[in-house]
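A short write-up of the structure that comes next.
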Amino acid sequence: MARAIWTGAITFGLVSIPVGVFAATEDHTVHFHQFQRGSSDRVRNQRVNERTGEQVEYGDIVKGADIGDGEHVVVDPDELDAIAPGRSQSLEISDFVDLDEIDPLYFQRTYWLAPTRDGDAGPYGLLLQAMTDTNRAAIGSFVMRNKQYLAAIRPDRDVLAMETLYFADEVRDPRAELENLPARRKGGRDDRELDMATRLIESMSGPWQPEQYHDSYRERVEQLIEDKRRGREVVTESEPPEPTEMSGLLDALQRSVDAARDGKSA
């Protein structure tokens with residue numbers, strides 16, 4: 001059974017519902033150890049003094065905040081501990097918002113919320129059903145592992161899901177950060193490229209079925225490891241296609257629409 005990584009209570013108004021927080025996802029990335037090339041000697045990361053080259057014990061390390069011009073403000077870990085928020089026992093809901101209004105850009109990581117005792121299933125189920133019926137998400141905050149989180153609680157079938165959220169000042173403005181962004185197209189009856197792009201999107205549209213997508217790179221890594229284990233030849237994947245130029249965009253869109261139509265009729 002899954003183990004809770006945080007336990008406390010959802011609180012809103014005078015209502016308190018004990019819950020546990022459980023990981024909703026898991027990472028299947030293939031991880032490697034490091035070795036020196038041509039040997040079986042492991043390579044490990046060490047904390048080394050840049051000036052002396054000597055290894056430094058963890059207890060002798062302090063933190064430095066870069067304030068510019070190569071200068072740092074030195075902070076001791078004990079000083080950070082003194083101002084850190086204590087372990088929170090509650091996830092305090094401050095607002096209920098329309099779930100559709102939350103930009104997915106703010107979503108950070110997903111967890112499940114579940115009752116931790118048999119007697120708490122009733123109030124939990126009531127909140128779940130009410131949020132489902134109203135299509136609302138609960139916005140609140142809590143502290144986990146000495147870090148404060150903003151969170152959105154939303155109904156997900158038979159369980160409450162909790163999304164940790166980025167704070168507003170952590171989300172970048174794309175217009176301020178990115179170059180070469182296009183102006184918004186006005187469209188119109190004579191915009192053949194936009195019409196063709198719309199037709200391509202419609203011809204490739206379908207229901208969301210997450211099971212049909214898989215990590216092809218991880219599969220290639222696993223196949224590489226297996227091939228090398230068995231002494232097989234390693235094959236390199238072909239180069240990606242060249243970018244489409246504006247002069248050939250309409251033709252590329254038309255051929256894409258035809259291919260998508262043929263693929264669905266096959």
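Mind checking which residues of region 113-137 are of a type in the set (Val, Ile, Thr) and under 14 Å from SER16 (Cα atoms)?
Scanning region 113-137 gives a single hit, THR116.
Residues to consider are PRO85, PRO77; find the one that is at pLDDT below 90, over 27 Å from the mean Cα position of the chain (by Cα) and not aliphatic (A, V, I, L, M).
From the options PRO85, PRO77, the qualifying one is PRO77.
For region 187-209, does any single residue satisfy the condition of being of a type in the set (Phe, Trp, Tyr) and over 30 Å from SER90 (Cβ atoms)?
Yes, region 187-209 contains at least one residue that is of a type in the set (Phe, Trp, Tyr) and over 30 Å from SER90 (Cβ atoms).
Pick from ASP78, ASP103, ASP66: which is acidic (Asp, Glu), in the same structural domain as THR164 (by TED's automatic domain parsing) and more than 20 Å from VAL159 (Cβ to Cβ)?
ASP103
Mind counting the residues in region 26-46 that are surrounded by 10 or more Cβ atoms within 10 Å (Cβ to Cβ) and under 25 Å from ASP81 (Cα atoms)?
Final tally of qualifying residues: 0.
Could you run through region 123-147 and say how many residues are loosely packed, with under 14 Cβ neighbours inside 10 Å and at pLDDT below 90?
3
When you go through (1) under 21 Å from the mean Cα position of the chain (by Cα); (2) surrounded by 10 or more Cβ atoms within 10 Å (Cβ to Cβ) one by one for ASN49, which number turns out not to apply?
Result: ASN49 fails condition (1) only.
Starting from region 93-121, keep only residues that are farther than 16 Å from ALA138 by Cα, then list their pairs with residues that are in a helix (DSSP H, G or I) whose Cβ atoms are within a distance under 7 Å, requiring at least 6 positions of separation or different chains.
These pairs meet every condition: PRO115/ALA121; PRO115/TYR124.
Which number in (1) of a type in the set (Asp, Glu); (2) touching a Lys or Arg at 6+ places or on another chain (Cβ under 8 Å); (3) not assigned by TED's automatic domain parsing to the domain that holds GLN108 marks the one condition that GLU163 misses?
(3)
Which one is modelled with the highest pLDDT, of the residues in region 165-208 that are of a type in the set (Asp, Glu) and over 27 Å from the mean Cα position of the chain (by Cα)?
Checking each candidate, the answer is GLU202.
The values are calculated or read from the model by the stated rules, or taken from the named source; none is laboratory data. For clarity, every value in this text was computed on a predicted model and none was experimentally measured. Using ideal geometry, Cβ is built from the backbone for each residue, glycine included, and neighbour counts are taken over all protein chains shown.
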